[in-house]
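Nothing in this text is a laboratory measurement; each read-out follows from the coordinates by a stated rule. Keep in mind that this is a model prediction, so the values were computed, not measured. Here Cβ is always computed from backbone atoms with ideal geometry, including for glycine, and neighbour counts include all displayed protein chains.
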Amino acid sequence: MAPMDTARRIIVVSDGTGETASKMIQAAMVQFGDREIYYTRHKNIRTQGQIDLICEDAAAEQSLLIFTIVSTTLRAYLSKLAAEKQIPCVDLLGPLMVGLASYFGYEPNSIAGLLHDINEHYFTRIEAMEYTIAHDDGRDVTGLERADIIILGISRTSNDPLSMYLSDQGWRICNIRLIRGFVLPKELYEVDQR
């Protein structure tokens, strides 16, 4: 172990983006005050060869390994290799998945990167909703070319609820009301009709 007064290094290892481990480390580190810590993040780790190289580096630098790996095989391999090389390590995801599997009575999918995919979908929906709200009732026609769907309809025919429903599904909607005497914006005629 490195002396207490020297800088320490934490290596984050993940078969996804490493965001889960980074957030948990950040939450835990505030309990240790101001420490000089260096972080190295290895993401998309999917092979034993990658783990071999990381453990070699960790052993040489006396680093702490913190990992979130869903593959039971890779998790076990990393834990075994770390023990052999006397590398301190913390498995953040493994014990939780074992506990959940025991509780639910079946094994997890063990597919790396699913949380990132879920988060991407969430942010796509939020961006679509923000766009739709900004472009409701033809209030703003700038950026009309970014709309996935443009709804032209007479007022009081449920255009707003339809727009919000579609934006919740991830579509950017521009809703333009048709009212007697209302001149359609010229930008509408410039949008690619496809």
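The residue among I150, F182, P161 whose Cα reaches farthest toward the positive pole of the charge dipole of the range 116-194, with charges on the beta-carbon of Lys, Arg, Asp and Glu, is F182.
Relative to the longest principal axis of the Cα atoms of the chain, helix 94-104 runs at roughly 60 degrees.
Given the alternatives [x] 28.2, 109; [y] 25.4, 80; [z] 20.4, 73, Rg and Dmax of the Cα atoms in Å as computed for this entry is given by [y].
Loop-resident GluC sites (Glu not before Pro) (DSSP state other than H, G, I, E or B) in the range 1-100 with no more than 12 further Cβ atoms inside 10 Å of their Cβ: E36. Quick one: angle between helix 72-84 and the longest Cα principal axis of the chain, in degrees between 0 and 90, rounded to 10, please. Helix 72-84 sits roughly 30 degrees off the main axis of the chain.
For the range 151-194 and the range 74-100, compute the distance between their C-alpha centroids and round to whole Å. Using only Cα atoms, the two centres lie 53 Å from each other. The C-alpha atoms of the chain define a longest principal axis, and helix 19-29 lies at about 60 degrees to it. Between the exposed loop cleavage positions of the chain, defined as chymotrypsin sites (Phe, Trp or Tyr not before Pro) in a non-H, G, I, E, B DSSP state with at most 12 neighbouring beta-carbon atoms within 10 angstrom, the longest gap is 1-105.
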